[in-house]
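The numbers here are math on the coordinates, done by the rules we state, and not lab data. What you are looking at is a predicted structure, and each value in this text was computed from that prediction instead of being measured. Cβ placement follows ideal geometry from the backbone for every residue including glycine, while neighbour counts extend to all protein chains displayed.
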Amino acid sequence: MLNARENMIQVIEHGTPDRFVNNYEGVKLMFHPFLMFSGPLVPKGTPVEKAIPNAWGIYNAFPENTPGGFPVQDDAHLLVKDIEHWQDYVKVPSLKFTDEQWGICKSMYDSVDANKIMQATFVAPGLFEQTHHMCKIEEALMAMYECPDEYHDLIKMLTEFELELAEGICTHLKPEAIFHHDDWGSQKSTFMSAAMFEEFFVEPYKEIYGYYKDHGVKYVFHHSDSYAATLVPAMIEMGIDVWQGTFSTNNIPDLISKYGDKITFMGGIENHLVDFDGWTEENNEAVARKIMEECGNKSFIPCIAQGGPGSVFPGVYKSLWDKIDMINTEKFGWTQEQLDDARLPIDIMF
């Protein structure tokens, strides 16, 4: 029997997995000093009226019963008030960290059994998200049409920042994978056309992901919990190995048929389908079983769509975990004890 890491690698490399990967069981999302010491993450439960600024000067909140933090962009908190003159508002944070700070992160990596689980450095937000965290999302999208030169320059600055961050990560932490966020669509459509996406984001991401792979990172997970089927060829060109957050609205079986030899799809279980007040075990089983039957375990990982292990409402993630285990025992004959022995305990996954 393959362990969790080995089984996930078989799926990513389009080999022969011996069961379904269960959510995030094969990959551990881990921090780097910029996340730990420069304030990009805000504690869950932070209300809008107590939004916290990060190193860029972007104020973020994370209210209860929401899946993640988000920028507060009223007149008092908005960072970039005129995207044509973004240089007047944006000061690039320092990425100079001490050996002690890198060492704190490295000790966390060393404490994880890398034989059973991939160590993946968590990077967020991505290029597009960072632009619309600085200004409003409608302003970022309009900038592509109204001031493309300035928007290109903004992305170039962010790309250079990410490349410096990547250098530190690859030098000090040496992860097997990176887990990179950047949402590119809504439930039903992308935020921009494939042509516009190509114009602004493909080359920068090829540079970023190419750097990681040239410096020892084997696998790139990219999170975009959305519809983005039209962008899959670009994802492959960028060097993405796993598209995490793939909504079922993308027609995942069709994507596997077309691109399953080049990229793996991780998702199919949108939060709104399972993660709500009044959720039930029966519904979670039905949702998980449906997507698993439709997609199979080749080039597909059934997973809650949000960009990390867990759920908004307590108990949902553990319930999905149990349902996927149950289906694995039915379909492949592994016992619960064997499944548990093949991975780290669920409480260590968080």
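Can you give the helix-only mean residue ellipticity at 222 nm for the chain, where every DSSP H stretch with n ≥ 4 adds -39500 (n - 2.57) and the sum goes over all residues, rounded to the nearest 500 deg cm²/dmol? Numbers along the way, then the final one.
Values: 15 runs with 146 residues, N = 350.
Counting only the DSSP helices, I get -12000 deg cm²/dmol.
From the mean inverse distance of alpha carbon pairs (Kirkwood) and the Cα radius of gyration, derive Rg over Rh for the range 115-184.
Details: Rg = 14.8 Å, Rh = 13.5 Å.
Rg/Rh for the range 115-184 comes to 1.09.
In whole angstrom, and with the biggest value first, how far do the Cα coordinates of the range 136-274 range along each principal axis?
Its Cα atoms span 40, 38, 27 Å along the three principal axes.
By Kyte-Doolittle mean hydropathy of at least -0.5 and Cα axial length of at least 27 Å, which whole DSSP H helices of the chain are selected? Don't skip to the answer; put the middle values down first.
Values: long enough: 148-172 (36 Å, -0.25).
Taking the DSSP H segments of the chain (at least 27 Å long, mean hydropathy at least -0.5), we get 148-172.
Give a quick list of GluC sites (Glu not before Pro) in the range 1-91 that DSSP marks as loop, anything other than H, G, I, E or B, with at most 16 other Cβ atoms within 10 Å.
On the way: sites: GLU6, GLU13, GLU25, GLU49, GLU64, GLU84; in loops: GLU13, GLU25, GLU64.
Counting only loop positions with at most 16 other Cβ atoms within 10 Å, the GluC sites (Glu not before Pro) in the range 1-91 are GLU13, GLU64.
Compute the signed sum of charges (Lys and Arg +1, Asp and Glu -1) over the other residues within less than 12 Å, Cβ to Cβ, of HIS152.
Values: positive: LYS156; negative: ASP149, GLU150, ASP153, GLU199, GLU203.
The answer is -4.
Any chance you could check the Cα centroid distance between the range 158-176 and the range 311-350 for me, in angstrom?
32 Å
Which of LYS28/LYS323; LYS44/LYS136; LYS28/LYS136 have a Cα-Cα distance over 29 Å? It would help to have the intermediate numbers written out before the result.
Details: LYS28/LYS323 21 Å; LYS44/LYS136 22 Å; LYS28/LYS136 32 Å.
Pairs exceeding the cut-off: LYS28/LYS136.
Per 5 Å bin, what is the whole-percent P(r) computed from every C-alpha pair distance within the range 69-215?
Computed distribution, short to long bins: 2, 8, 16, 19, 18, 15, 11, 7, 3, 1, 0.
What net charge is computed for the residues neighbouring PRO17, neighbours being all others with C-beta under 13 Å from the C-beta of PRO17, Lys and Arg scored +1, Asp and Glu -1? Intermediate values should be presented prior to the final figure.
Numbers: positive: ARG5, ARG19, LYS298, LYS331; negative: GLU6, GLU13, ASP18, GLU25.
Taking every other residue near PRO17 into account, the sum is 0.
Expressed as a fraction of 2.2 N^0.38 Å, the rule-of-thumb size for a compact globular protein of N residues, what is the C-alpha radius of gyration of the chain?
Working: Rg = 19.8 Å, N = 350, 2.2 N^0.38 = 20.4 Å.
Rg over 2.2 N^0.38 Å, computed on Cα atoms: 0.97.
Below 10 angstrom from the Cβ of LYS106, what's the summed charge of the other residues (Lys, Arg +1; Asp, Glu -1)?
On the way: positive: LYS174; negative: ASP99, ASP110.
My count for the surroundings of LYS106 gives -1.
If a paramagnetic tag sat 7 Å from the Cα of GLU64 along the Cα-Cβ line, which residues of the range 292-314 would have the backbone N under 19 Å from that point?
Answer for this model: 311-314.
Please work out the Kirkwood hydrodynamic radius for the range 1-141, using every pair of different C-alpha atoms, and report it in angstroms with one decimal place.
Values: mean 1/r = 0.0565 Å⁻¹.
Its Kirkwood hydrodynamic radius stands at 17.7 Å.
Over the Cα atoms, compute the radius of gyration (one decimal) and Dmax (the largest Cα-Cα distance, rounded to a whole number) for the range 40-107, in Å.
My reading of the Cα-based Rg and Dmax gives 14.9, 43 Å.
On average, how much area does the Cα convex hull of the range 196-272 cover when viewed from any direction, in nm²? The partial results should precede the final answer.
Working: hull surface 20.9 nm².
Averaged projected area of the range 196-272's Cα convex hull equals 5.2 nm².
Taking N as the number of residues in the range 277-350, what is its Cα Rg relative to 2.2 N^0.38 Å?
Numbers: Rg = 12.4 Å, N = 74, 2.2 N^0.38 = 11.3 Å.
After normalising by residue count via 2.2 N^0.38 Å, the value is 1.10.
Taking the Cα atoms of the range 66-147, what is the range of coordinates along each of the three principal axes, in descending order and whole Å?
50, 28, 24
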